[in-house]
1. If a/c stays under 1.5 just call it rounded; otherwise compare a/b with b/c (prolate if a/b is bigger, oblate if not). Do that for region 366-413, with a ≥ b ≥ c from the square roots of the Cα gyration tensor eigenvalues.
2. If you build the convex hull over the alpha carbons only and average its shadow over all orientations, what do you get for region 1-128? Give it in nm² to one decimal.
3. Give me the number: length gained by fully extending residue 330 to residue 74, i.e. 0.36 nm times residue separation minus the C-alpha to C-alpha distance, one decimal in nm.
4. In terms of solvent-accessible area of protein heavy atoms at a 1.4 angstrom probe, what is the ranking of 413, 16, highest value first?
5. Say the dipole of region 1-110 comes from +1 at the beta carbon of Lys and Arg and -1 at that of Asp and Glu; which of 90, 19, 48 then lies farthest toward its positive end?
6. In whole angstrom, how far apart do the alpha carbon centroids of region 319-396 and region 17-80 sit?
7. Based on the alpha carbons, how large is the Rg to Rh ratio for region 36-91 when Rh follows Kirkwood?
8. Please give me the summed charge of the neighbours of residue 392: other residues whose Cβ is under 11 Å from its Cβ, Lys and Arg +1, Asp and Glu -1.
Amino acid sequence: MDLLNGRGSVESGSESNEPNTADGCADGSYGVYHEDESVDKIVVRAGGISDPVLGIDLEAGKPATVVATVYAYNDGSEDYADFYYARDAYNLTWEYIGTVQPSQGGIQELMVQYIIPDGVTQAVRVIFRQLGNATSSCSEGGYKDMDDLIFSVSESTEPSSKPSSNPSSEPSPTPSNIPSIQPSSLPSQSPSMIQTLSILSPASKVRIESTDDEPIQLYEVQVFSSGMNVVISGIVTQSSDYDDDYLAYNAIDDNTTTFSLTLGGSGAYWELELDQLYVIESVLVINTYTDSNVQLLMDSNYSGFDSLDVDDISCRLSNAAVTLLDESGSVVASESMGDSCGQTTISVLFNTSTSTSFSRVSTEDGRCVDAHGNYPSYIRRYFAGNFTASDCGDWCMQNPTDLIAFDLYNDPSGVENKCYCLFNDGLPEIIDTYDPPYEIISLSTVGLGPITNVSSDSDWFCYRNDVSLPDCSCAVQIMELLSQII
């Protein structure tokens with residue numbers, strides 16, 4: 001593991017055989033070892049993050065956990081670890097797994113899990129960076145450390161799902177699991193196991209608003225969802241422009257030597273409309289003040305410049321409200337920035353959880369079906385280990401838009417539990433934000449309207465959203481969907 005200790009050629013900690021990447025992507029050269037960012041160790045182990053350390057071979061199709069031992073600068077609030085994998089270490093194509101932010105400064109372990117793909121010799125990559133985005137598997141950055149680990153993978157031991165080459169001609173004595181096209185119209189048995197599960201409410205706008213007469217001045221704004229800065233594009237506005245040098249866009253131009261600035265007065269605000277809905281965990285505001293910023297103010301003949309000092313500027317955001325809004329303009333969550341005086345960065349964390357109830361549709365085993373016996377559109381993922389209905393519900397409700405139910409398959413062996421998120425009338429647009437990501441997607445199913453019954457599949461459990469949908473005969477919609485599929 002000594003190969004990874006250090007970073008590039010930094011002071012007090014140059015890395016042996018740098019850069020320790022399979023394709024030669026280089027580390028940043030700024031800073032001092034174990035004062036600034038570094039990756040010290042990478043481990044890939046079988047099983048999910050919450051599973052015990054099994055000490056068994058890594059196997060294709062099974063979950064694995066990547067453990068990166070890192071050193072985070074200061075309190076860790078400016079650092080992010082991006083994780084990637086490649087199924088062929090000799091022909092690298094990097095696939096993004098996810099991003100994790102340290103909870104503190106100093107040495108610590110950061111972890112993500114993923115499903116191991118097919119491939120005999122594979123690789124993982126960890127990029128530990130200061131600020132910025134997970135935009136590239138070979139990104140730039142003066143304080144960035146990037147390291148790879150190459151490892152062997154065993155072939156899957158799971159039985160093949162291919163049909164037998166010599167199938168029996170005898171009919172199966174087991175009845176089909178396909179639900180009847182005309183299931184009983186009688187209600188199922190009384191729902192059981194009512195559970196309240198957390199929902200992370202998505203938002204599409206971020207507003208930063210003064211709560212006094214101070215102007216809003218922003219050097220850079222970053223918005224994080226699933227650990228990634230999602231300010232890639234969007235529409236930015238503000239209550240007023242101090243002048244043409246301080247436009248709203250300056251706060252998202254990835255340049256901390258420029259800034260946005262409004263006029264003072266009641267209700268001053270800056271607002272960003274994102275390119276889609278996101279579950280927003282935090283908003284990071286850069287609140288620095290540099291010589292170049294002073295020069296900009298001097299060049300624009302900023303009124304009152306003679307009395308201006310650094311503390312005055314950094315205090316302007318004190319107690320400003322950071323508010324998340326949905327597409328209709330309703331408030332999802334709002335938090336105060338608190339005291340911003342002297343703060344170079346301000347991180348505002350959100351707990352955007354609300355709650356909803358899901359109830360088991362029947363005491364019998366079975367998958368969720370609508371009034372016509374059809375399965376709704378879905379996304380699916382395997383989960384290993386001790387997996388519960390709450391785990392499945394929490395994963396599905398990362399995007400609650402049109403989520404009407406979820407199916408849980410409890411594998412008797414506990415190896416490959418399945419979680420299906422079921423959606424009404426097709427799939428929502430933001431399913432790609434799921435973490436961990438979905439593995440299977442199906443638009444070829446035509447279920448519409450409320451879940452009213454279950455199929456006859458064993459070891460499946462159906463949980464329905466207690467927010468009722470209107471009754472739906474759905475004949476026209478089903479025919480339209482079928483015509484698209486056929």
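1. Details: a/c = 2.48, a/b = 1.33, b/c = 1.86.
Because a/c hits 1.5 or more and a/b fails to exceed b/c, region 366-413 counts as oblate.
2. Numbers: hull surface 30.9 nm².
Directional mean of the projected Cα hull area for region 1-128 stands at 7.7 nm².
3. On the way: separation 256, 0.36 × 256 = 92.16 nm, distance 3.65 nm.
Extra length available between residue 330 and residue 74 comes to 88.5 nm.
4. Details: 413 80, 16 60 Å².
From most accessible down to least: 413, 16.
5. Result: 48.
6. Spelled out, the Cα-based centre of one part sits 28 Å from the other.
7. On the way: Rg = 13.9 Å, Rh = 13.4 Å.
Using only Cα positions, Rg/Rh for region 36-91 is 1.04.
8. On the way: positive: 380, 381, 418; negative: 391, 394, 407.
Counting the neighbours of residue 392, the net charge comes to 0.
The values are calculated or read from the model by the stated rules, or taken from the named source; none is laboratory data. This is a predicted model, so every value here is computed, not measured. Note that we place each Cβ from the backbone using ideal geometry, even for glycine, and neighbour counts take in every protein chain shown. Accessible surface areas use protein heavy atoms only, side chains included; no ligands, DNA or RNA. Shrake-Rupley method; radii C 1.70, N 1.55, O 1.52, S 1.80 Å.
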